[in-house]
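Enquirer: What follows is a single structure, and I will ask about it in a moment.
What follows draws every value from the coordinates through simple rules; no lab data is involved. Remember, predicted model here, so these are calculated numbers, not experimental data. Counting neighbours? That spans all protein chains shown, and the Cβs are built from the backbone with ideal geometry, glycine included.
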Amino acid sequence: MLNQLTVEGASLAAPSAFEDPAVLLGRYGSIIGHELGHALDSRGSQRDELGRVRDWWSADDRAAFEERAARVVADVDGCHPRGIEDAVVDGRLVGFEVVAELVSYQIAWDTYASMTTADERATPVDGFTGAQRFFLAKTYGRRGIDRPETARARLHGDVHPPFEVFANLARHLDAFHEAFATRPGDGMWLDPEDRVRVY
Ligand SMILES: [Zn+2]
């Protein structure tokens with residue numbers, strides 16, 4: 001088995017996207033970050049760097065991870081996807097994927113921040129700062145719409161949550177709130193003490 005990641009051609013945007021690190025990291029860095037996140041989650045903890053079945057986490061690391069993962073699960077549990085009034089997100093069903101997606105935001109943002117200066121992140125292109133373009137690119141990468149029947153079926157059996165649940169995880173990053181100058185009462189607002197950083 002090869003230890004590799006394939007990004008399908010159909011998920012790639014116009015070549016110009018590769019010229020802007022905000023778009024590159026927001027869109028593709030986070031796809032890669034999601035899969036890396038699975039290597040560092042409760043299932044990834046069961047296999048070591050050579051793929052052997054071996055628990056490589058300390059008890060303290062596991063307890064810290066479980067505590068943070070539980071907070072992310074609680075955050076998404078019970079959400080009503082848009083247009084679906086009679087079914088909600090089951091946090092335990094999707095928790096595994098939601099944690100990997102939040103880790104992907106963090107890996108991609110930290111990489112973007114390490115590659116750029118504060119001035120570059122604040123410089124507008126087409127009306128959006130670098131930080132804003134990062135989060136927009138990330139969100140566009142998760143755009144999608146389901147028919148109500150598909151959305152209901154997904155809620156009951158798919159470990160991947162509805163699209164907006166993934167996209168709304170941005171509210172756990174301080175950088176998101178700084179980028180868009182959010183305030184208490186805004187739809188995406190999350191109190192700083194309720195924001196989860198998994199790693
Ligand atoms: Zn996944």
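Enquirer: Report the charge-dipole magnitude of segment 1-82 in Debye, nearest 20, computed about the Cα centre from +1 at each Lys and Arg Cβ and -1 at each Asp and Glu Cβ.
Expert: Values: 9 positive and 14 negative charges, 37 e Å.
Here the size comes out at about 180 debye.
Enquirer: Can you put GLU85, GLU101 in order of Cβ neighbours within 10 angstrom, beginning with the fewest?
Expert: Working: GLU85 8, GLU101 24.
If I rank by nearby Cβ atoms, fewest first, I get GLU85, GLU101.
Enquirer: Please go through segment 49-81 and write out the chymotrypsin sites (Phe, Trp or Tyr not before Pro) that DSSP classes as loop and that have at most 16 other C-beta atoms within 10 Å. Before the final figure, lay out the partial values.
Expert: Numbers: sites: TRP56, TRP57, PHE65; in loops: TRP56, TRP57.
Within segment 49-81, the qualifying chymotrypsin sites (Phe, Trp or Tyr not before Pro) (loop, at most 16 other Cβ atoms within 10 Å) are TRP56, TRP57.
Enquirer: When THR123, THR150 are ordered from fewest to most other Cβ atoms inside 10 Å of their Cβ, what list results?
Expert: Values: THR123 15, THR150 12.
Listing THR123, THR150 from fewest to most nearby Cβ atoms yields THR150, THR123.
Enquirer: Per the helix-only calculation at 222 nm, which mean residue ellipticity applies to the chain, given -39500 (n - 2.57) for every DSSP H run of n ≥ 4 and division by its residues, nearest 500 deg cm²/dmol?
Expert: Working: 8 runs with 91 residues, N = 199.
So the calculated ellipticity at 222 nm is -14000 deg cm²/dmol.
Enquirer: Treating only the Cβ atoms of Lys and Arg (+1) and Asp and Glu (-1) as charged, compute the dipole magnitude of the chain about its Cα centre; round to the nearest 20 debye. Could you put the intermediate results ahead of the total?
Expert: Working: 22 positive and 33 negative charges, 65 e Å.
Taking the Cα centre of the chain as origin, the dipole is about 320 debye.
Enquirer: Averaging sequence separations of C-alpha pairs under 8 Å and six or more residues apart, then dividing by the length of the chain, give the relative contact order as a whole percent.
Expert: Working: 236 pairs, mean separation 49.9, N = 199.
Taking the mean separation of contacting Cα pairs over the length of the chain, I get 25 percent.
Enquirer: Taking neighbour Cβ counts within 10 Å as the exposure measure, how do VAL159, VAL98 sort from fewest upward? Working shown, then result.
Expert: Details: VAL159 12, VAL98 24.
Listing VAL159, VAL98 from fewest to most nearby Cβ atoms yields VAL159, VAL98.
Enquirer: Could you tell me which residue out of VAL103, HIS34, HIS156 lies farthest along the dipole of the chain toward its positive end? Charges go on the beta carbon: Lys and Arg +1, Asp and Glu -1, centred on the Cα centre.
Expert: Result: HIS156.
Enquirer: Rounded if a/c is under 1.5, else prolate if a/b beats b/c, else oblate: with a ≥ b ≥ c from the C-alpha gyration tensor eigenvalues square-rooted, which is the chain? Mind dumping the intermediate values first?
Expert: Numbers: a/c = 1.37, a/b = 1.14, b/c = 1.20.
Rounded.
Enquirer: Based on the Kirkwood radius over alpha-carbon pairs, what is the Stokes-Einstein translational diffusion coefficient of segment 95-138 at 37 °C with 0.692 mPa s viscosity, in µm²/s?
Expert: Working: Rh = 11.2 Å.
In µm²/s, the coefficient rounds to 293.
Enquirer: Within a Cβ distance under 9 Å of ARG142, other residues only, what is the Lys/Arg minus Asp/Glu net charge?
Expert: 0
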